[in-house]
Every structure is written in C-alpha cells, then in structure tokens.
Amino acid sequence: MKRIITLLSVAILSINLYAKNIVKTYNFIDSTGKKIELIATDNGVNIPSLKGKVVLLAFFGKNCPPCRAEIPGFVKLQKKYGKNFQIVALHVQQKMTKEELANFISTHNINYPIIPATSKVFDFANFISSKTGWRGQIPFSILLDKKGDATKTYLGMQREETLTKAITSLF
C-alpha cells in the first residue's frame, strides 16, 4: 500500500511539473482574417493553431524605424523556415485602419500575419510586460519553442543571423 501511495505521489508530482498553468487566453483576428488564440502560460505562450512550430512573437510599431528595419530579415526567415516556423507580429502603437494595415503589409512585402493594435493587444502586451519585465520599448520579440515555452527574449532590432542561430537550435 505504501508503495502504491508513493508511486501515485510521484506520478502526480510529475504531472504538475510538466503541466502548464494557463494564466489568460486572448483571441484575435490577424491581418489574414484568421482567428488566432494566444494562451498565456507560466512558461510562455501556447498558440494551438501553430502547435509544433517554433514561433517568434514580434511586438512592433509602424512608426518605429528599427521595427521597419527588421522586416526584411523577418520576411527571409519566414520564407526559409515557414514549414516549421511562424512569425506572429503584434502592432503595439496607435491603431491602423484596415486599409493602412493592408498598405503597410504590401509596402514591406510582409509574408506573416500581423495582429493589429486593439485594446486586447495592449492588454496582452501589458501581461507580457508583467511576466518579462519588458517596459514597452520596441522592437521586442519572444522566441517560443515547439511547446510554446519562451526560450529567448530580444529587446531592440535583431540581426537575421542572430535569429537564424536561435531558431535552428529549436528544430
């Protein structure tokens, strides 16, 4: 009997160690018109529609020069690793109309979804700030492994080579 209780206790402890506590769920419509659910956990952000992919959550603003400078590298990375990788950009500056967003995407040849600025995006950004210590400076990115665990955070513009090394280490 003691042995069964010990084994059961170990099993429950193991499950608790690997379980992710869901903190908050956010639902958005991205620039492609698709619904995207971001489930904030203690360890990162789970995105059910991107299960099994490495994800780069990129917080940016259309009027931020370093943010715009990162876009060509992001486009290359998305094209190169698209099968196993996904960039999801969150616009965290003033809101854009649908037309402004479409023009921004077209002008910069963006090949990844953008979640436009809304009060829910700002709420999500505030939540991320509380978990990471980020103070709202952009660009800011979080690299998530295939399980949705945050592996790295990046403040400021990142070189394509830096991101390539980090991304490929997670495949």
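How many of the residues making up the stretch 22-46 are among the basic types (Lys, Arg) and free of Cβ contacts under 8 Å to residues at least 24 places away in the same chain? Steps first, please.
Applying the first criterion (among the basic types (Lys, Arg)) to the stretch 22-46 yields 24, 34-35.
Filter again for free of Cβ contacts under 8 Å to residues at least 24 places away in the same chain, leaving 35.
Residues that pass the stated criteria total 1.
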Original post:
Tell me, which residue of the stretch 47-72 that is without any contact (Cβ under 8 Å) to a residue 40 or more places away in the chain and of a type in the set (A, V, I, L, M, F, W, C) is surrounded by the most Cβ atoms within 10 Å (Cβ to Cβ)?
Top reply: Ile71
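How about the stretch 73-171: which strands (runs of 3 or more DSSP E) wholly inside it have at least 2 residues that are modelled with pLDDT of 95 or more, within 12 Å of the chain's Cα centre (by Cα) and surrounded by fewer than 19 Cβ atoms within 10 Å (Cβ to Cβ)? Quick ask: steps written out before the conclusion?
Working: elements: 85-91, 140-144, 150-155.
So the answer is 150-155.
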**OP:** Please find, within the stretch 15-30, the residue that is modelled with the lowest pLDDT out of those that are more than 23 Å from Phe104 (Cα to Cα) and surrounded by 13 or more Cβ atoms within 10 Å (Cβ to Cβ).
**Re:** Lys20
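For the stretch 34-44, enumerate the residues that are closer than 19 Å to Ser169 by Cα and either out of contact with any Asp or Glu (no Cβ under 6 Å at 6 or more places or on another chain) or in a loop (DSSP other than H, G, I, E, B) (or both). Before the answer, list the steps.
As a first pass, look at the stretch 34-44 and keep what is closer than 19 Å to Ser169 by Cα: 43-44.
Answer for the stretch 34-44, where residues must be closer than 19 Å to Ser169 by Cα and either out of contact with any Asp or Glu (no Cβ under 6 Å at 6 or more places or on another chain) or in a loop (DSSP other than H, G, I, E, B) (or both): just Asn43.
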**OP:** Report the residue count in the stretch 51-72 for those that are polar (S, T, N, Q) and touching a Ser or Thr at 6+ places or on another chain (Cβ under 9 Å).
**Re:** 0
Original post:
Conditions: (1) over 15 Å from Leu57 (Cβ atoms); (2) small (Gly, Ala, Ser); (3) surrounded by 10 or more Cβ atoms within 10 Å (Cβ to Cβ); (4) modelled with pLDDT of 90 or more. Gly33 meets all but one. Number of the miss?
Top reply: (3)
**OP:** Please work out if Ala166 is more than 20 Å from Arg68 (Cα to Cα), aliphatic (A, V, I, L, M) and free of Cβ contacts under 8 Å to residues at least 40 places away in the same chain.
**Re:** yes
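The values are calculated or read from the model by the stated rules, or taken from the named source; none is laboratory data. These figures come from a predicted structure and were not determined experimentally. Quick reminder, even Gly has a Cβ in these numbers, built from the backbone with ideal geometry, and neighbours come from all protein chains shown.
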